[in-house]
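Engineer: One structure coming up, written as structure tokens, with questions to follow.
The values are calculated or read from the model by the stated rules, or taken from the named source; none is laboratory data. Every value quoted in this text rests on a predicted model; they were computed, and no experiment measured them. Note: ideal-geometry Cβ built from the backbone for every residue, glycine included; neighbour counts use all protein chains shown.
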Amino acid sequence: MNILPEFRTLRPASIADAVIALAAEGAVALGAGTDLLPNLRRGLGEPSAVVDLTGIEGLREFAPLPDGGLRIGAGVTLEAIAENDLVLKTWPALAQAAQAVAGPTHRAAATLGGNLCQDTRCTFYNQSQWWRASNGFCLKYQGEKCHVVPKSDRCYATYHGDVAPVLMVLDARAEIVGPAGKRSVPMAAFFREVGSDHLTLHPGELLAAVEIPSVAGWTAAYTKVRIRDAIDFPLAGVAVALRREGDRIAGLRVAITGSNSAPLLVPTESLVGGQWNEAAAESLVQLVRKTSNVLKTTLTGVKYRRRVLLAVARQTVETLWNQG
Ligand SMILES: Cc1cc2nc3c(=O)[nH]c(=O)nc-3n(C[C@H](O)[C@H](O)[C@H](O)COP(=O)(O)OP(=O)(O)OC[C@H]3O[C@@H](n4cnc5c(N)ncnc54)[C@H](O)[C@@H]3O)c2cc1C
């Protein structure tokens with residue numbers, strides 16, 4: 001039977017109190033619990049305390065910035081983001097990604113912070129306690145061996161969040177608050193490519209908000225491919241932001257998810273300044289191929305996931321380019 005482990009639940013009313021609560025050994029943050037609680041029920045974690053962030057007003061800020069940007073608190077729901085008029089008008093790719101997460105009931109509760117900080121996934125990890133025990137557990141939790149890459153000393157569980165790649169191509173920054181104060185990092189620096197430790201948060205820190213700059217001159221889109229058209233994680237997800245000036249690529253950012261232990265920016269600088277043509281499309285495909293590392297971490301075949309990833313990267317840039 002899957003039951004929750006015993007833990008204390010704390011409901012701080014301010015970010016400062018949440019930081020104090022999270023500083024305790026074994027404490028974890030709770031957004032809406034749509035990722036955390038199913039995992040705990042499967043025996044994936046034994047927190048000493050769960051720090052429920054839903055009562056913190058300061059995490060629900062959702063406001064335009066004076067320079068044309070937008071600040072979204074970590075406690076804002078994905079539904080609120082997907083339906084917000086300003087997001088739909090100015091950052092539609094963000095609304096697209098938020099709208100593509102799980103199903104409507106998840107999105108009504110699920111938070112931006114929880115979505116970005118969600119755990120990595122693997123067929124050897126997202127299993128019941130008895131299933132994992134029969135395998136001697138795995139390197140991500142309770143075991144000593146990665147069953148995906150047995151000779152490696154790191155975990156290859158995959159990050160499948162939809163929203164992070166879009167924030168990366170929009171050049172967003174994460175505001176982090178912790179015992180040492182406040183810091184702001186580019187979205188890409190919020191993650192590291194280690195499946196068992198994929199966030200660069202220090203002990204006791206939490207994600208407070210995300211700030212997106214003005215995107216004048218850029219267009220952006222998110223393409224997600226999944227087995228079912230709802231309630232499924234991306235088997236491949238690609239976010240693209242493009243600035244086209246006449247027949248020239250004036251700016252191009254591409255980020256991928258569902259392929260590695262972290263969402264990753266693809267180094268596309270070599271394509272900037274040129275035209276979008278067959279040669280550029282082939283170069284992009286090679287850059288995505290080099291950046292990605294699709295392994296047997298899901299039930300969907302590796303070759304299929306890789307081919308889909310490369311194809312949607314090319315297609316998404318092509319679509320934005322043709323929109324002018
Ligand atoms: C059936 C199903 C389908 C799903 N499909 C998708 C999908 O298609 N795409 C997708 O992206 N996700 C999917 N998810 C995962 C999850 O539901 C979403 O990512 C959701 O947005 C998580 O938000 P939450 O607020 O519920 O996070 P929680 O479950 O509360 O938290 C998730 C993790 O983030 C940490 N955390 C939460 N808030 C903060 C914070 N402010 N600072 C630091 N750490 C924090 C928690 O400690 C926990 O480790 C799915 C989940 C289920 C159960």
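Engineer: Spot the failing condition for residue 61; the list is (1) buried (at least 18 other Cβ atoms within 10 Å of the Cβ); (2) of a type in the set (D, E, K, R); (3) touching a residue at least 60 places away in the same chain (Cβ under 8 Å), and only one is missed.
Structural biologist: So residue 61 meets the others, but not (1).
Engineer: A further question on this structure: Residues of region 125-151 being among the small types (Gly, Ala, Ser), free of Cβ contacts under 8 Å to residues at least 12 places away in the same chain and at negative phi, which ones?
Structural biologist: Hits for region 125-151 are 133, 134, 143.
Engineer: Could you tell me whether any residue of region 248-260 is at positive phi, within 12 Å of the ligand (Cβ to nearest atom) and modelled with pLDDT of 95 or more?
Structural biologist: Yes, some residue in region 248-260 is at positive phi, within 12 Å of the ligand (Cβ to nearest atom) and modelled with pLDDT of 95 or more.
Engineer: Another one. Quick one: is residue 36 surrounded by 14 or more Cβ atoms within 10 Å (Cβ to Cβ) and in contact with a Leu (Cβ under 8 Å, 6 or more places away or on another chain)?
Structural biologist: Answer is yes for this residue.
Engineer: Quick check: anything in region 216-234 under 21 Å from the mean Cα position of the chain (by Cα), more than 25 Å from residue 88 (Cα to Cα) and crowded, with 21+ Cβ neighbours inside 10 Å?
Structural biologist: no
Engineer: Scan region 119-139 for residues that are within 13 Å of the ligand (Cβ to nearest atom) and either assigned to a loop (DSSP other than H, G, I, E, B) or in contact with a helix residue (DSSP H, G or I) (Cβ under 7 Å, 6 or more places away or on another chain) (or both) and jot them down.
Structural biologist: Answer for region 119-139, where residues must be within 13 Å of the ligand (Cβ to nearest atom) and either assigned to a loop (DSSP other than H, G, I, E, B) or in contact with a helix residue (DSSP H, G or I) (Cβ under 7 Å, 6 or more places away or on another chain) (or both): 119, 120, 126.
Engineer: Another question, if that's okay. Return only the number of the condition from (1) within 19 Å of residue 116 (Cβ to Cβ); (2) more than 16 Å from the ligand (Cβ to nearest atom); (3) surrounded by 23 or more Cβ atoms within 10 Å (Cβ to Cβ) that residue 239 does not satisfy.
Structural biologist: (2)
Engineer: Would you confirm whether or not region 61-82 contains a residue that is touching a strand residue (DSSP E or B) at 6+ places or on another chain (Cβ under 7 Å) and under 20 Å from residue 158 (Cβ atoms)?
Structural biologist: Scanning region 61-82 turns up no residue that is touching a strand residue (DSSP E or B) at 6+ places or on another chain (Cβ under 7 Å) and under 20 Å from residue 158 (Cβ atoms).
Engineer: What do you reckon, is residue 31 over 24 Å from residue 126 (Cβ atoms) and modelled with pLDDT of 95 or more?
Structural biologist: Against the criterion (over 24 Å from residue 126 (Cβ atoms) and modelled with pLDDT of 95 or more), residue 31 does not qualify.
Engineer: Scanning region 16-33 for residues that are crowded, with 20+ Cβ neighbours inside 10 Å and not small (Gly, Ala, Ser), which turns out nearest to the ligand (Cβ to nearest atom)?
Structural biologist: The extreme case among them is 30.
Engineer: Return the residues of region 64-80 that are under 27 Å from residue 225 (Cα atoms) and without any contact (Cβ under 8 Å) to a residue 40 or more places away in the chain; say none if nothing qualifies.
Structural biologist: Of everything in region 64-80, those that are under 27 Å from residue 225 (Cα atoms) and without any contact (Cβ under 8 Å) to a residue 40 or more places away in the chain turn out to be 76, 79, 80.
Engineer: Just need a number here: residues in region 37-49 that are in contact with a strand residue (DSSP E or B) (Cβ under 6 Å, 6 or more places away or on another chain) and near the ligand (Cβ under 8 Å from one of its atoms).
Structural biologist: 0
Engineer: Still on this model: Out of the residues in region 157-207 that are polar (S, T, N, Q) and not in a strand (DSSP E or B), which is surrounded by the fewest Cβ atoms within 10 Å (Cβ to Cβ)?
Structural biologist: Going through the qualifying residues, I end up with 200.
Engineer: Now for a separate question. If I go through region 90-118 residue by residue, how many of them are under 16 Å from residue 237 (Cβ atoms) and either near the ligand (Cβ under 6 Å from one of its atoms) or within 11 Å of the chain's Cα centre (by Cα) (or both)?
Structural biologist: 7
Engineer: Follow-up. Only one of 239, 208 is in contact with a Gly (Cβ under 9 Å, 6 or more places away or on another chain) and of a type in the set (A, V, I, L, M). Can you tell me which?
Structural biologist: 208
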